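Peer 1: Just passing along the structure, written as structure tokens.
Quick note: the coordinates plus some simple rules give every number you see, no bench work behind them. None of the values given here were measured: they were computed from a predicted structure. Note that each Cβ is placed from the backbone with ideal geometry, even for glycine, and that neighbours are counted across all protein chains shown.
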Amino acid sequence: MQKSFRTRIFNISNGLTVLRILLLPPIVVLFSRGTSTAERVAIFLMILAALTDVLDGYLARRLNQKTDLGRVLDPISDKLSLIVVGFLLYKFRDFPLWALLLLGGRDLLFFFLGALLLKKTKVVPEARTAGKITTSVFAVTFLLYLFRLSPYNTILLHISIVVFIFSFFDYARRFLRVLQGRCHQF
């Protein structure tokens with residue numbers, strides 16, 4: 001049975017992804033206020049956003065709700081979340097600027113490469129295991145910075161960079177294979 005356009009687009013998985021994006025402005029406003037109460041609420045919203053990230057993919061697979069929109073929106077949501085929270089940690093928690101620029105640069109590059117891939121091959125890039133691991137490791141690193149757990153935050157940051165480099169080459173290799181026609185799915 002063919003699912004309707006509305007069912008293919010508006011489902012619980014995509015709704016959770018949109019919710020994660022909508023949580024970013026209140027997180028920024030609350031965290032920027034600098035009061036302990038506002039910070040606690042912002043941290044709660046960050047944790048809620050992280051849970052939506054775990055749940056949306058699980059539910060998409062479990063409920064057979066995988067959509068092209070979700071394949072595009074979920075990584076955008078992940079990248080926006082990482083960059084926004086990374087910036088807040090840079091501004092308020094001594095997260096290194098070089099790490100934020102590295103993360104943002106990679107995500108910007110992959111966004112444009114994904115658009116190129118979609119345009120040239122009609123293949124919608126999906127999140128890869130290496131990318132999911134990188135996002136998870138950075139999320140834990142961000143938590144350590146958020147709670148000022150030094151020196152563990154710095155140690156995990158260096159581990160995150162190693163995972164990040166592996167992920168970068170994994171994605172780059174897959175992009176090239178699909179663009180060259182040696183692979184027909186991402």
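Peer 1: Could you list 56, 68 so that the one with the fewest beta carbons within 10 Å of its beta carbon is first and the one with the most is last?
Peer 2: Ordered from fewest to most neighbouring Cβ atoms within 10 Å, 56, 68 come out as 68, 56.
Peer 1: For every helix of n ≥ 4 consecutive DSSP H residues, a contribution of -39,500 (n - 2.57) applies; sum these over the chain, divide by its total residues, and give [θ] at 222 nm rounded to the nearest 500 deg cm²/dmol.
Peer 2: Rounded to the nearest 500, the figure is -28000 deg cm²/dmol.
Peer 1: Can you find, among 99, 125, 150, the residue sitting farthest towards the positive end of the charge dipole of the chain, where Lys and Arg contribute +1 and Asp and Glu -1 at Cβ?
Peer 2: It is 125.
Peer 1: A follow-up question, please. Could you size up the charge dipole of the chain around its Cα centre, putting +1 on the beta carbon of Lys and Arg and -1 on that of Asp and Glu, and report it in debye to the nearest 20?
Peer 2: I would put it at about 640 debye.
Peer 1: Applying a 10 Å radius around every beta-carbon, put 74-85, 169-180 in order of their mean neighbour count, most first.
Peer 2: Top to bottom by mean Cβ count within 10 Å: 74-85, 169-180.
Peer 1: Now a separate question. For a quick check: sort 141, 135 by the number of other beta carbons within 10 angstrom, fewest at the front.
Peer 2: Arranged by neighbour count, lowest to highest, 141, 135 become 135, 141.
Peer 1: Run the numbers for residue 154 and residue 176: contour at 0.36 nm per residue of separation, minus the present Cα-Cα distance, in nm.
Peer 2: Between residue 154 and residue 176, full extension yields an extra 4.6 nm.
Peer 1: If you compute Rg and Dmax of the Cα atoms in Å for the structure shown, which of (i) 16.3, 55; (ii) 15.5, 46; (iii) 17.3, 55 do you land on?
Peer 2: Read-out taken from this structure: (iii).
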